[in-house]
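These notes are about the structure you will find just below.
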Amino acid sequence: MIYQVIQQLINQAIAAQLMEPEDEIYARNQILSLLHLVEFKECDAESTLETPDLLEQIIEYACEQEIIEDIFDEKEILASKIMNCFMARPSTVNQIFNEKYKQNPQAATEFFYELSKNSNYIQMKRIRNNIEYKVSTEYGELDITINLSKPEKDPRSIERERAAKKNDYPKCLLCVENEGYAGRIGHPARSNHRLIKLNLLEENWFLQYSPYVYYNEHCIVLSEEHRDMKITSAAFKRLLSFVEQFPHYFVGSNADLPIVGGSILSHDHYQGGHYEFSMAKAEDDWSFELDRFPNVRGSIVKWPMSVIRLRSEEIGPLVEAGEHILSTWRNYSDETVEIYAKTGDTPHNTITPIARKKQNVYELDLVLRNNRTSEEHPLGIFHPHQDVHHIKRENIGLIEVMGLAVLPARLKDELKEVEHFILGETDIVADYHLDWAKGLKEEYQAAATESNVEAIVREETGKKFLKCLEDAGVYKRNEEGKAGFKRFISSLV
């Protein structure tokens with residue numbers, strides 16, 4: 001009975017502290033209206049189901065009653081509207097956040113993260129579908145995620161999206177106008193979305209969580225203004241200002257050029273969270289000093305990509321040193337290692353910056369990037385090369401740079417086929433995996449068993465991701481690359 005499920009969902013919302021018990025009748029009536037119901041019948045409402053499961057039952061009822069069409073976008077819009085019935089307005093959420101921040105910053109972010117999960121804005125049930133594991137390497141453990149959390153749209157949804165009238169409100173998925181936006185065909189439902197207002201360098205910025213988190217408290221920090229991403233000294237200062245305010249979080253930015261940048265370059269934003277990636281734990285390869293910045297300690301990080309780590313107890317000198325490195329790198333060329341700053345007027349060099357605070361010391365990691373292409377590598381010279389495209393061909397963005405592979409959903413079944421191939425149970429694997437699978441079979445067929453073949457394939461997949469990072473490194477970790485890196489560092493002094 002639909003009334004029972006509605007009451008069970010209300011009970012869950014109260015238990016999760018999404019709303020007060022005194023608001024129960026109000027929330028119930030809001031949900032009844034959304035479902036075109038004009039009455040409510042009291043009933044037994046005990047349940048062991050979680051919020052997403054109850055929500056799915058209500059959405060199924062709405063489809064059966066033809067309240068909405070049984071297509072992805074309409075179901076998402078109604079689900080978001082239902083959960084919004086339980087939620088406080090943005091001003092109240094911000095007030096609670098700020099009160100908790102006065103206790104300590106971690107209490108504030110924990111409150112907001114729990115709110116975002118309990119409201120079903122963060123899609124925890126779908127996220128649990130992801131395949132996640134770690135692979136040990138000489139650089140530390142790499143995180144591997146096969147991304148199964150984002151549901152595929154049905155053909156009718158895709159067709160309606162193509163036919164829908166183009167709309168530029170909100171301008172993009174990161175604009176502040178998404179807060180409370182009902183959604184439409186082709187634009188996600190955000191009725192239950194809330195933002196926390198921040199001050200970064202006297203500008204309005206906002207904190208939210210990713211609806212499909214890849215790690216603990218995976219947050220997005222976005223500008224109030226819809227403007228292009230730019231890596232500048234102001235960006236470094238904002239990143240460090242953020243970790244000054246939230247010292248338990250790291251925060252970083254994608255690079256600001258195509259191929260080496262993120263998927264959304266049209267809106268200035270960063271990503272952060274309460275998680276320590278292997279890159280953050282990686283040890284120094286060697287250290288150096290910058291004479292112009294005596295309060296800053298520099299080092300090259302032992303990592304497959306080319307990472308400069310700056311440390312200081314003060315933000316100002318760190319920003320100045322970072323700006324000096326950025327401006328030098330923007331115009332730096334070294335043909336012996338195929339690094340060219342520009343082709344004509346087209347720039348190629350940029351940086352992926354990451355900030356964190358460890359005790360009283362600020363760290364600013366500057367990952368050197370170059371987006372030049374060639375006939376041999378049309379997708380990018382410092383981009384995953386052809387031999388790893390069967391595992392990953394997408395950009396190496398901020399998350400991957402730090403050591404977390406986000407791999408396509410197709411690999412769930414394809415890697416199982418590779419396992420069966422190694423065991424001699426099938427001759428069929430995807431064409432693009434065939435050479436790899438044959439090599440693995442030759443190497444492991446004597447040792448592979450039903451009980452260990454999954455671990456073997458997972459480890460070898462991790463090695464492929466490591467190769468992706470090595471490809472993206474502008475200075476390779478060989479003698480030629482190390483010498484080139486030292487030449488660049490010498491140019492800074």
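The values are calculated or read from the model by the stated rules, or taken from the named source; none is laboratory data. Fair warning: this is a prediction, and the values are worked out from it, not measured in the lab. Cβ: placed from backbone, ideal geometry, glycine included. Neighbour counts: every protein chain shown. Heads up: the accessible areas ignore ligands, DNA and RNA and are worked out on the full protein's heavy atoms, side chains in. Shrake-Rupley method; radii C 1.70, N 1.55, O 1.52, S 1.80 Å.
Worth pointing out:
- Solvent-accessible surface of region 1-121, taken per residue with a 1.4 Å probe and all protein chains present: 53 Å².
- Between the residues 79, 279, 360, the greatest Cα displacement towards the positive end of the dipole of the chain, with unit charges on the Cβ of Lys, Arg, Asp and Glu, is found for 360.
- Region 320-361: C-alpha gyration tensor shape, a/c 1.5 cut-off, then a/b vs b/c: prolate
- Once backbone amide H atoms are built at 1.01 Å from N, residue 306 has 368, 474, 475 as its partners under 5 Å, excluding neighbours fewer than 5 places away on the same chain.
- Each residue was assigned an accessible area with a 1.4 Å probe, and for residue 36 the value is about 130 Å².
- Pairs spanning more than 18 Å between alpha-carbon atoms, out of 416/441; 102/358; 342/486; 171/392: 102/358; 342/486; 171/392.
- Phi angles across region 158-172 convert, under the Karplus curve 6.51 cos²θ - 1.76 cosθ + 1.60 with θ = phi - 60°, into 3J(HN,Hα) values of 5, 5, 5, 5, 5, 7, 5, 5, 5, 9, 10, 10, x, 5, 7 Hz, Gly and Pro given as x.
- Net charge dipole size for region 111-238 [Lys, Arg +1 and Asp, Glu -1 on Cβ; Debye, nearest 20]: 540
- Under 28 Å of direct C-alpha separation, and excluding same-chain neighbours fewer than eight residues apart, residue 165 reaches these lysines: 75, 81, 150, 153.
- Rounded percent of accessible protein surface that carbon and sulfur make up, the chain, 1.4 Å probe: 46
- Å² of accessible area per residue within region 359-457, as computed with a 1.4 Å probe and no ligands counted: 47
- Environment charge of residue 357, counting only residues whose C-beta is closer than 9 Å and scoring Lys/Arg +1, Asp/Glu -1: 0
- In sequence order, calculated HN-Hα J values of region 256-267 (Karplus, 6.51, -1.76, 1.60; Hz; x Gly/Pro): 9, 10, x, 6, 9, x, x, 7, 10, 9, 8, 9
- Amide H contacts under 5 Å for residue 286, placed H, 5+ residues apart: 300
- Paramagnetic reach from residue 295 (point 7 Å along Cα→Cβ, amide N under 20 Å) across region 320-337: 320-326
- Cα shape, region 300-387, gyration tensor, a/c 1.5 rule: prolate
- Theoretical gain in end-to-end length, residue 455 to residue 479 [0.36 nm per residue, Cα-Cα removed]: 5.4 nm
- Karplus 3J(HN,Hα) series, Hz, for region 340-352 with 6.51 cos²θ - 1.76 cosθ + 1.60 (x for Gly, Pro): 10, 5, 8, 10, x, 9, 8, x, 10, 8, 8, 9, 9
- Ranked by how many other beta carbons lie within 10 Å on average, peptides 180-190, 163-173, 270-280 from highest: 270-280, 180-190, 163-173
- Shape category assigned to region 386-493 from the gyration tensor of Cα positions, a/c cut at 1.5: prolate
- Measuring nothing but how far apart in sequence close Cα pairs (under 8 Å, 6+ apart) lie, relative to its length, the chain scores a relative contact order of 12 percent.
- Solvent-accessible area per residue, Å², over region 168-263 with all protein chains present [probe radius 1.4 Å]: 34
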